[in-house]
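Scroll down for the structure; my scribbles are underneath it.
The values are calculated or read from the model by the stated rules, or taken from the named source; none is laboratory data. These numbers were taken from a predicted model, which means no experiment stands behind them. Here Cβ is always computed from backbone atoms with ideal geometry, including for glycine, and neighbour counts include all displayed protein chains. Just so you know, the surface numbers come from the protein's heavy atoms only, side chains and all, with ligands and any DNA or RNA stripped out. Shrake-Rupley method; radii C 1.70, N 1.55, O 1.52, S 1.80 Å.
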Amino acid sequence: MRVSLLAERSISAMPEAVFALALDPERFPALFEGHGPIPGLRRITPLAASAVGSMRSLENQDGSRLMERITAFDPPHRHAYTLSGFRGPMAWLAREAHADWRFDDDSAGDPAVAASSTRVRWRYDFELTHPLAWVFAWPLLRGFMHAAMRQCLERMAESLEAAWRRERD
């Protein structure tokens with residue numbers, strides 16, 4: 001049994017810039033602040049160059065650590081990974097989580113917009129430890145993780161749009 005979440009947002013930036021920010025181990029942690037009991041990111045440490053099968057170590061602001069294994073890597077269109085290593089209460093609810101980021105041209109056929117608008121779709125599928133875990137996992141993930149994902153996309157948009165305005169001025 002799984003709990004699925006989807007966060008979407010259009011960002012006024014080229015897909016290459018949005019994709020690069022989503023995978024940037026230096027800049028991305030500050031953008032994922034967490035929400036409620038979902039901790040924010042403190043650090044991402046790539047253990048190899050980004051490619052299918054490579055690993056990244058994540059340290060959360062609460063001191064917990066997770067591992068990310070890249071399962072799809074198609075710059076600047078798609079990035080997917082499996083998140084594992086949950087501890088404490090989350091380990092009782094979910095075995096692992098599968099994330100899939102899609103970065104699509106959001107220009108609606110307008111060539112003037114094509115280079116500056118990206119639709120981001122970030123999906124998470126949490127594989128539950130037991131069907132009964134759904135009773136607790138659904139409200140936790142839907143309420144808090146989903147909010148953290150939406151806030152992260154908003155912060156990404158703010159960061160990239162501010163950079164675009166600075167370049168233009």
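A few notes on this one:
- Taken over segment 30-59, the criterion of being of a type in the set (A, V, I, L, M, F, W, C), surrounded by 15 or more Cβ atoms within 10 Å (Cβ to Cβ), out of contact with any Lys or Arg (no Cβ under 9 Å at 6 or more places or on another chain) and closer than 21 Å to ALA20 by Cβ is satisfied by LEU41 alone.
- Subset of segment 1-29 that is assigned to a strand (DSSP E or B) and open to solvent by 20 Å² or more (accessible area, probe 1.4 Å) - its residue that is nearest to ALA94 (Cα to Cα): ARG2
- From ARG65, ARG69, ARG87, ARG102, residue being of a type in the set (Lys, Arg), in contact (Cβ under 8 Å) with a residue 24 or more places away in the chain and out of contact with any Pro (no Cβ under 8 Å at 6 or more places or on another chain): ARG102
- Taking the criterion of being part of a strand (DSSP E or B), open to solvent by less than 60 Å² (accessible area, probe 1.4 Å) and over 26 Å from GLU16 (Cα atoms), the residues of segment 60-86 that qualify are ASN60, LEU66, SER84.
- Verdict on ALA94 being over 26 Å from SER159 (Cβ atoms) and of a type in the set (A, V, I, L, M): yes
- Candidate set from segment 87-110 (those that are modelled with pLDDT under 95 and open to solvent by less than 50 Å² (accessible area, probe 1.4 Å)); member that is farthest from THR45 (Cα to Cα): SER107
- Verdict on TRP122 being over 19 Å from ALA80 (Cβ atoms) and either hydrophobic (A, V, I, L, M, F, W, C) or at pLDDT below 95 (or both): no
- Residue pairs whose Cβ atoms lie under 9 Å apart, separated by 6 or more positions or on different chains, with the first residue in segment 1-28 and charged (D, E, K, R) and the second in a loop (DSSP other than H, G, I, E, B) and open to solvent by less than 30 Å² (accessible area, probe 1.4 Å), are GLU16/PRO76.
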